[in-house]
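Working notes for the structure below.
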Amino acid sequence: MRERARRAQALLDRIGDSGPRRATLLNALGVAAVAEGRHAEAVRLHREAFERLRFAGGPPLESIRTLQSLANALEALGRHDEALARFGEAQRLGAEHLGPRHPQRARVAHDLGVLLLGSGEPGRARELLEAALAIWTDTYGSVCVECGRAHSSLMGQASAEGELGRAEHHARRALAIYRQVLPGDHPDLAAALVNLGAVLHWRGDFAGAVPAYGEALRLQERILPEGHLHRAITESNLGESLVALQRHAEALQRFAAAEPVARAAGQPGEELLLLVLRNKAKALQGTGEVGAARVALEQARALLKRDPGRAQELAEVEQALAQLPVRAG
């Protein structure tokens, strides 16, 4: 990605102020900036690209793609209202210049659906995500990367509405598609396995969740460096399902792998650390290590006390502490 960005910058320096061509390269630089987490820089680049396209009367399709990229970068910065406005512009341009089943309109609908899902509007999100899936199915067939992405997003949408049967359907469909169209070491394949494991856990099928998480973890161990937060999250998820199966010693091995990664991550790892500590305490109780379970719960309590908005979770931890036998582990 950095090499592509370097080449795009070199071309940008060479071609001068040509509107559409410069906009294309600005967009390439914006994509590279997003990949490196530089979302503010991506916003600047995509915004400049769109202004150049608008001034030069550039191709509508390129303008729509630029607005979509700009909206996604704005949302990554938490600028929700601005992102919605840019998606709205992209939708209007699509309605004016593209056919009703054009795949670019599906891309805009999908990304807007994901944004709405993240902002607590699963009903509106479902309509957009299902529309995107229908267009992609008509355009590329039902087995394509785009359809896999739509099924993954619909899994999240169904979960948000508590429809876990529908969520499992979409999770399984996404995984089946990715197994056919992606390389065996692709990150999206690992994510699809994690999604399936999560849905099965939520449905109480802990025995089904364990192999899904296990396969995801083996894949992540091949493609992600040691100490990566995503690996630690999967370790924690697997541990939680093992606790539910009362396989406490195995669960503790998973928590032992996840906990130092969560601590080293600082603030981004705090949510994971809290989950690890609470589930680790359950596993320790299962192995009779009551004193160690108390320590884990006390650490979880200290984390929760920092946030006044988590009073319910704090009360649950306090109750778990009160229920521990008063004896050494």
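Every number in this text was worked out from the coordinates using simple rules, so none of it is lab data. The model shown is predicted, which means the values in this text are computed figures rather than measured ones. As a convention, Cβ positions derive from the backbone with ideal geometry for all residues, glycine included, and neighbour counts pool all protein chains shown.
Please order Lys280, Lys305 by the number of other Cβ within 10 Å, starting at the fewest. Each step should come with its number before you reach the end.
Numbers: Lys280 30, Lys305 12.
Lowest count first: Lys305, Lys280.
How far apart, in nm, are two points set 7 Å out from the Cα along the Cα-to-Cβ line at Ala85 and at Asp307?
Here the modelled spin labels are 3.0 nm apart.
For helix 164-181, report the angle its Cα long axis makes with the longest principal axis of the Cα atoms of the chain; keep it between 0 and 90° and round to the nearest 10°.
Once rounded, the angle reads 60 degrees.
Using the Cα atoms as the points, what is the convex hull volume per residue of the stretch 274-329 in Å³? Please list the in-between numbers first.
On the way: hull volume 3.4 nm³, N = 56.
Given the Cα convex hull of the stretch 274-329, per-residue volume reads 60 Å³.
Measure nothing fancy, just the Cα-based angle from helix 311-322's long axis to the longest principal axis of the chain, in degrees from 0 to 90, nearest 10.
With rounding to tens, the tilt is 20 degrees.
Modelled label-to-label distance, Arg222 and Glu161, 7 Å Cα→beta-carbon offset: nm?
Label at Arg222, label at Glu161, 3.6 nm between them.
According to the square roots a ≥ b ≥ c of the eigenvalues of the Cα gyration tensor, what is the shape class of the stretch 134-219, taking rounded for a/c under 1.5, prolate for a/b larger than b/c otherwise, and oblate for the remainder?
On the way: a/c = 2.64, a/b = 1.23, b/c = 2.14.
Note, shape of the stretch 134-219 comes out oblate.
At Leu321 and Val295, where each label point lies 7 Å from the Cα along Cα→Cβ, what is the point-to-point distance in nanometres?
1.6
What is the angle, in °, between the Cα long axis of helix 206-223 and the longest principal axis of the Cα atoms in the chain? Nearest 10 is fine, range 0 to 90.
Between the helix axis and the principal axis of the chain, the angle is about 60 degrees.
Given Cα pairs under 8 Å that are at least 6 residues apart, what percent is the relative contact order of the chain?
Numbers: 452 pairs, mean separation 22.9, N = 329.
Once normalised by length, the contact order is 7 percent.
If R0 is 45 Å, what FRET efficiency do you get for Thr137 and Leu314 from their C-beta distance, rounded to 0.05?
On the way: r = 46 Å, r/R0 = 1.03.
Efficiency at R0 = 45 Å is approximately 0.45.
Using the Karplus curve 6.51 cos²θ - 1.76 cosθ + 1.60 with θ = phi - 60°, work out ³J(HN,Hα) for each residue of the stretch 244-251 in order, rounded to whole Hz, and write x for Gly and Pro.
Result, ordered by residue: 4, 8, 6, 9, 5, 5, 5, 4 Hz.
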